[in-house]
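As structure tokens, the structure follows; a few thoughts come after it.
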Amino acid sequence: MDILWKSRGLFKRGTVCYRVRDQFNQEYALKDCWVNEDVKDVEIQLLKAVEGIPNVVQLKKYWDVLYDGKPDSTSRIRSHCSTFKFETKIHRRILLTPCGVPLTHFNDVPELIGVFRDLVVGESFLQSPEVLCNHHAL
């Protein structure tokens, strides 16, 4: 398991993205993050809305992390602290495919240009009426 990216800062979502492999040696990106409880499904809904669009990451699976058989959340961690009001964040993992490499790791200029071409193709599909209608329904 390799770390692809991790957020920095005290008041962020604590996101860490890993490169992982299943038993069939298939690579995935595993996103481990803390999401605000009141909007915890927005990212999942967006990923479902863009399903099947070329050059856009695809949702394979998602789940809330359990701690002692219960959902892991900041309210559980901070249950002893009643002095301050905190936003409740849920500990979530999201499995995505394909798992690419960071843009800083391209081999040559043609490969980098290919990446930007793929971004344009994906963006054009994201701007299509079907996706925009689904996204606004979120």
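The values are calculated or read from the model by the stated rules, or taken from the named source; none is laboratory data. Here the structure is a predicted model, which means the values were calculated and not measured. Cβ coordinates were reconstructed from backbone atoms using ideal geometry, including for glycine residues, and neighbour counts include every protein chain displayed. Remember, those area values only see protein heavy atoms, side chains included, never the ligands or the DNA or RNA. Shrake-Rupley method; radii C 1.70, N 1.55, O 1.52, S 1.80 Å.
Lysine pair count for the chain (Cα-Cα distance under 22 Å; residues 8 or more apart in sequence or on different chains): 28. Rounded to the nearest 10 square angstrom, residue 81 shows an accessible area of 40 square angstrom against a 1.4 Å probe. When the chain is treated as a Gaussian network with alpha carbon springs shorter than 10 Å, the biggest mean-square fluctuation among 120, 50, 109 belongs to 109.
Divided by 2.2 N^0.38 Å, where N counts the residues, the Cα radius of gyration of region 1-114 comes to 1.26. Take every Cα-Cα pair in region 20-69 and report what % of them are more than 15 Å apart. In whole percent, the share of Cα-Cα pairs in region 20-69 beyond 15 Å is 60.
Roughly how many debye, to the nearest 20, is the charge dipole of the chain about its Cα centre, given +1 on each Lys and Arg Cβ, -1 on each Asp and Glu Cβ, and no other charges?
Its charge dipole is roughly 620 debye.
Derived scalar couplings between HN and Hα for region 51-60 equal 4, x, 6, x, 6, 10, 4, 10, 6, 9 Hz in order, rounded to whole Hz, by the Karplus curve 6.51 cos²θ - 1.76 cosθ + 1.60 (θ = phi - 60°), x for Gly and Pro. Would you calculate a helix-derived [θ] at 222 nm for the chain, using -39,500 (n - 2.57) for each DSSP H run of n ≥ 4 and dividing by the full residue count, to the nearest 500? Calculated at 222 nm, the ellipticity per residue is -8000 deg cm²/dmol.
Per residue, how much accessible area does the chain show when a 1.4 Å probe rolls over the protein heavy atoms, in square angstrom? Intermediate values should be presented prior to the final figure.
On the way: 9980 Å² over 138 residues.
Here the residues of the chain average 72 Å² of exposed surface.
From the protein chains alone at 1.4 Å, what is the descending order of accessible area for 6, 70, largest first? Intermediate results must be reported in sequence, preceding the final value.
Details: 6 95, 70 135 Å².
Listed by decreasing accessible area, they come as 70, 6.
Counted residue by residue at 0.36 nm each, then reduced by the alpha carbon distance between them, the extension gain from residue 80 to residue 109 reaches 5.0 nm. Amide H contacts for residue 15 (H built 1.01 Å from N in the peptide plane; partners 5 or more residues away or on another chain; cut-off under 5 Å): 7, 34. Give the calculated FRET efficiency between residue 124 and residue 27 to the nearest 0.05, with a Förster radius of 25 Å applied to their Cβ-Cβ distance. My answer for the efficiency is 0.45. Annotation for region 59-122: trypsin sites (Lys or Arg not before Pro) lying in DSSP loop with at most 16 further Cβ atoms inside 10 Å of their Cβ are 78, 85.
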